[in-house]
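Report on one structure; see the data block that follows.
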Amino acid sequence: MTHTLMNFVPATPEIILLVIICATLLVAAFVRANSQACYVIAQAGLVLTALSVVHTFIYADSGMSAMAFRGMFVLDHLAVVLKVLTLVVVFFTLLFSRAYNNDRDMPRNEYYLLALLSTLGMMILTSAHNLLTIYMGLELFSLPTFAMVAIQRQSFRGVEAGLKYCIVSAVGSGLLLYGFSFLFGVSGSLDLNVIAHRIVMGHVTVDPLLSMALVFVVAGIAFKLGVVPFQMWVPDVYDGAPTSTTLFIAAAPKLAAFAMLVRLLIGAMPSLHANWQVLLIILAILSMAVGNFSAIMQTNIKRLLAYSSIAHMGYMLLGLIAGTPSGYSASLFYVMSYAIMTVAGFGVLLLMNRQGCEVTELDDLSGLGSRSPWLAFVMLLVVFSMAGVPPLLGFIAKVQLLEALIHSNYVWLVVLTLLFSVVGMYYYLRIVQRMYFQDAKSDLPAISYRLDAGVGITINGLVVLLVGIFPNALYTLALHAFVM
């Protein structure tokens with residue numbers, strides 16, 4: 001059951017973050033380029049916003065979802081879980097990126113400001129309950145990332161990646177808008193509940209137009225998730241962008257894109273499950289195949305992780321294919337787990353980077369086990385978790401997905417997924433082989449990092465291990481997100 005609030009209470013966290021963004025913008029105009037003031041404000045703002053999300057939900061919720069702005073904005077269990085995790089992921093992203101940005105004299109104040117703006121867009125997208133709000137949140141989180149990719153203006157590859165990201169994202173947004181126009185045309189409304197109701201009640205009788213709407217909406221979402229056959233931008237953007245930006249676009253946006261996927265397919269078109277299920281099966285199989293087999297051929301660590309992300313987004317779709325609340329919860333649990341693992345993996349790469357030394361190739365990880373045993377151990381946890389080795393977080397996440405598929409009688413898809421997972425094991429083991437069984441280059445500088453970054457990567461690595469052993473708390477949150 002849902003009640004509508006005519007005040008701004010459900011959007012209090014977004015309002016707070018917007019105030020923080022304005023404060024960061026004003027401070028950036030008056031402090032020196034090497035000042036850490038914007039970093040401190042950004043991190044404090046993320047913590048304050050996360051606390052506000054929890055407090056607002058407790059205040060506004062009485063076992064129901066709270067809605068505002070005439071039903072265009074919703075604060076429910078799904079929004080709270082994804083918003084808090086998004087803010088935590090961005091917090092750790094900025095923590096690991098600080099030294100990297102400083103060493104390369106990047107426009108760091110602008111970096112933090114753009115990151116906050118994009119985070120605000122993700123939060124709006126997560127709570128969007130109207131086609132117009134969905135598009136507004138999507139563009140607000142996407143536009144700042146284009147600038148973040150090309151933030152090193154002297155880097156030709158960075159500018160090229162930023163331009164490619166912008167063009168491809170515009171195509172994806174165009175497809176999504178085209179699908180929205182069909183949805184509005186056949187339902188006469190932008191509200192997700194009204195669209196779902198009119199489809200169920202049979203008020204929508206133009207089946208070809210509804211099919212067109214579904215195809216274009218799924219294609220637009222697939223662009224944002226980076227799944228096959230709309231994955232062409234992922235490896236080039238991951239590789240061309242600064243590693244700090246790569247981490248930002250690799251983790252948190254996946255959470256917001258998942259929220260958009262849920263709102264549009266499960267929220268607006270639940271009665272068309274049999275239709276979009278077929279599309280998701282095709283996307284999932286193609287993504288797992290192309291992602292895993294392409295990653296085998298990579299020698300660049302960022303491109304390898306890019307193709308790995310394509311495969312993981314294919315895995316994530318499996319729970320939605322199951323079409324049950326437990327399957328949806330498994331997909332949410334998986335995308336949350338993937339975000340945690342990605343932050344830890346790229347965090348290790350960021351801590352390894354020094355001024356004048358960029359970790360880009362697999363060989364740059366050679367001898368990490370002797371050069372920095374703790375960073376190597378954290379990376380070991382991450383890659384084994386991504387490969388699905390027990391008892392780590394990634395293993396539990398895959399088990400939940402496969403269990404949901406089995407209960408929905410998709411045993412053949414479970415077998416196929418297991419085969420692709422075995423293929424994926426190969427390139428993850430290559431990373432381990434470089435770290436522990438290959439000598440380091442003699443000219444590599446010593447690895448050192450700040451205490452706060454060391455504490456952050458330790459916490460992140462231990463979460464990958466401990467949540468894998470004790471997954472009940474995180475999985476319970478995922479289950480509650482789909483309690484109707």
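Take the residues of the stretch 437-481 that are at pLDDT below 85 and either assigned to a helix (DSSP H, G or I) or hydrophobic (A, V, I, L, M, F, W, C) (or both): which is surrounded by the most Cβ atoms within 10 Å (Cβ to Cβ)?
A481
Looking at the stretch 170-184, can you tell me whether even one residue there is out of contact with any Pro (no Cβ under 9 Å at 6 or more places or on another chain), among the small types (G, A, S) and farther than 22 Å from P229 by Cα? Talk me through it step by step, then tell me what you get.
Of the residues in the stretch 170-184, the ones out of contact with any Pro (no Cβ under 9 Å at 6 or more places or on another chain) are 170-184.
Retained after the next criterion (residues that are among the small types (G, A, S)): 170, 172-174, 179, 181.
Adding the requirement that they be farther than 22 Å from P229 by Cα leaves 181.
Yes - at least one qualifying residue is present in the stretch 170-184.
Write out, first by first residue and then by second, each pair whose Cβ atoms fall under 7 Å of each other, whose residues are 6+ apart or on separate chains, and whose first residue, in the stretch 16-37, is under 17 Å from A99 (Cα atoms) while the second is not in a helix (DSSP H, G or I) and not aromatic (F, W, Y).
A37/V31
Residues in the stretch 143-185 that are closer than 27 Å to M106 by Cβ and not small (G, A, S): how many?
The qualifying residues number 20.
Just one of Y328, Y334 is of a type in the set (S, T, Y), surrounded by 24 or more Cβ atoms within 10 Å (Cβ to Cβ) and out of contact with any Asp or Glu (no Cβ under 6 Å at 6 or more places or on another chain); which is it?
Only one candidate qualifies: Y334.
Inside the stretch 58-82, can you point out the residues that are more than 22 Å from the chain's Cα centre (by Cα) and surrounded by 19 or more Cβ atoms within 10 Å (Cβ to Cβ)? Reasoning before the result, please.
To start, the set of residues in the stretch 58-82 that are more than 22 Å from the chain's Cα centre (by Cα) comprises 58-72.
Listed by number, the residues that qualify are A60, S65, A66, M67, A68, M72.
Of the numbered conditions (1) among the hydrophobic types (A, V, I, L, M, F, W, C); (2) modelled with pLDDT under 90; (3) over 22 Å from the mean Cα position of the chain (by Cα); (4) closer than 17 Å to L351 by Cβ, M484 satisfies every one except a single condition; which is it?
Every condition holds for M484 apart from (4).
Is there a residue in the stretch 299-308 that is under 30 Å from L75 (Cβ atoms) and of a type in the set (D, E, K, R)?
Looking only at the stretch 299-308, we keep the residues that are under 30 Å from L75 (Cβ atoms), and these are none.
No, that holds for no residue.
Within the stretch 384-416, can you find the residues that are in contact (Cβ under 8 Å) with a residue 40 or more places away in the chain and either aliphatic (A, V, I, L, M) or touching a strand residue (DSSP E or B) at 6+ places or on another chain (Cβ under 8 Å) (or both)?
Within the stretch 384-416, the subset in contact (Cβ under 8 Å) with a residue 40 or more places away in the chain is 384-387, 390-398, 400-405, 407-408, 410, 413, 416.
Selection gives M386, A387, L392, L393, I396, A397, L401, L402, A404, L405, L413, L416.
Looking at D191, is it out of contact with any Asp or Glu (no Cβ under 9 Å at 6 or more places or on another chain) and modelled with pLDDT of 85 or more?
Working: out of contact with any Asp or Glu (no Cβ under 9 Å at 6 or more places or on another chain): yes; modelled with pLDDT of 85 or more: yes.
Considered against the rule, which asks whether it is out of contact with any Asp or Glu (no Cβ under 9 Å at 6 or more places or on another chain) and modelled with pLDDT of 85 or more, D191 comes out as yes.
Can you name the condition, by its number, that V389 falls short on among (1) under 23 Å from the mean Cα position of the chain (by Cα); (2) assigned to a helix (DSSP H, G or I)?
Only one criterion in (1) under 23 Å from the mean Cα position of the chain (by Cα); (2) assigned to a helix (DSSP H, G or I) is unmet by V389, namely (2).
From the list A252, A161, A170, A222, which one is under 21 Å from L120 (Cβ atoms), among the aliphatic types (A, V, I, L, M) and buried (at least 24 other Cβ atoms within 10 Å of the Cβ)? Reasoning before the result, please.
Working: A161 fails: under 21 Å from L120 (Cβ atoms); A170 fails: buried (at least 24 other Cβ atoms within 10 Å of the Cβ); A222 fails: under 21 Å from L120 (Cβ atoms).
Exactly one residue qualifies, and that residue is A252.
Looking only at residues in the stretch 83-102 that are under 11 Å from the mean Cα position of the chain (by Cα) and of a type in the set (A, V, I, L, M), which one is surrounded by the fewest Cβ atoms within 10 Å (Cβ to Cβ)?
Our first condition is that a residue be under 11 Å from the mean Cα position of the chain (by Cα); within the stretch 83-102, this holds for 85-86, 89-90.
Narrowing further to those that are of a type in the set (A, V, I, L, M): 85, 89-90.
Working: L85: 22, V89: 27, V90: 24.
Here the residue is L85.
Of all residues in the stretch 119-164, how many are of a type in the set (D, E) and farther than 30 Å from V194 by Cα?
Step one: of the stretch 119-164, the residues of a type in the set (D, E) are 139, 160.
Adding the requirement that they be farther than 30 Å from V194 by Cα leaves 160.
Counting residues in the stretch 119-164 that are of a type in the set (D, E) and farther than 30 Å from V194 by Cα gives 1.
Report, by residue number, each residue of the stretch 392-404 that is under 12 Å from Y428 (Cβ atoms) and over 18 Å from the mean Cα position of the chain (by Cα).
L392
For the stretch 77-84, check the following and say yes or no: at least one residue is in contact with a helix residue (DSSP H, G or I) (Cβ under 8 Å, 6 or more places away or on another chain), free of Cβ contacts under 8 Å to residues at least 60 places away in the same chain and among the small types (G, A, S).
Taking every residue of the stretch 77-84 in turn, none turns out to be in contact with a helix residue (DSSP H, G or I) (Cβ under 8 Å, 6 or more places away or on another chain), free of Cβ contacts under 8 Å to residues at least 60 places away in the same chain and among the small types (G, A, S).
What is the number of the single condition among (1) loosely packed, with under 13 Cβ neighbours inside 10 Å; (2) modelled with pLDDT under 90; (3) within 23 Å of S309 (Cβ to Cβ) that D364 does not meet?
All conditions are met except number (1).
I'd like the full set of residues that are within 27 Å of Q433 (Cβ to Cβ), surrounded by fewer than 16 Cβ atoms within 10 Å (Cβ to Cβ) and among the β-branched types (V, I, T), limited to the stretch 380-418.
V399
Being of a type in the set (V, I, T) and either within 30 Å of R153 (Cα to Cα) or modelled with pLDDT under 90 (or both) is the filter here, so list the residues in the stretch 216-253 that pass it. Lay out the reasoning, then the answer.
Within the stretch 216-253, the first condition is being of a type in the set (V, I, T), and the residues that meet it are 217-218, 221, 227-228, 234, 237, 243, 245-246, 249.
Result: I221, V227, V228, V234, V237, T243, T245, T246, I249.
Within the stretch 149-158, does at least one residue satisfy the condition of being touching a Cys at 6+ places or on another chain (Cβ under 9 Å), in a helix (DSSP H, G or I) and over 24 Å from Y315 (Cβ atoms)? Lay out the reasoning, then the answer.
Filtering the stretch 149-158 for residues touching a Cys at 6+ places or on another chain (Cβ under 9 Å) gives 149-150.
From what's left, in a helix (DSSP H, G or I): 149.
Now restrict to residues that are over 24 Å from Y315 (Cβ atoms): 149.
Yes; the residues of the stretch 149-158 include at least one that is touching a Cys at 6+ places or on another chain (Cβ under 9 Å), in a helix (DSSP H, G or I) and over 24 Å from Y315 (Cβ atoms).
Taking A295 as meeting all but one of (1) assigned to a helix (DSSP H, G or I); (2) under 19 Å from the mean Cα position of the chain (by Cα), write down the number of the exception.
That leaves (2) as the condition not met.
The values are calculated or read from the model by the stated rules, or taken from the named source; none is laboratory data. From a predicted model like this one, the values you see are computed outputs, not experimental measurements. Neighbour counts are summed over all protein chains in view; Cβ atoms, including those assigned to glycine, are modelled from backbone coordinates with ideal geometry.
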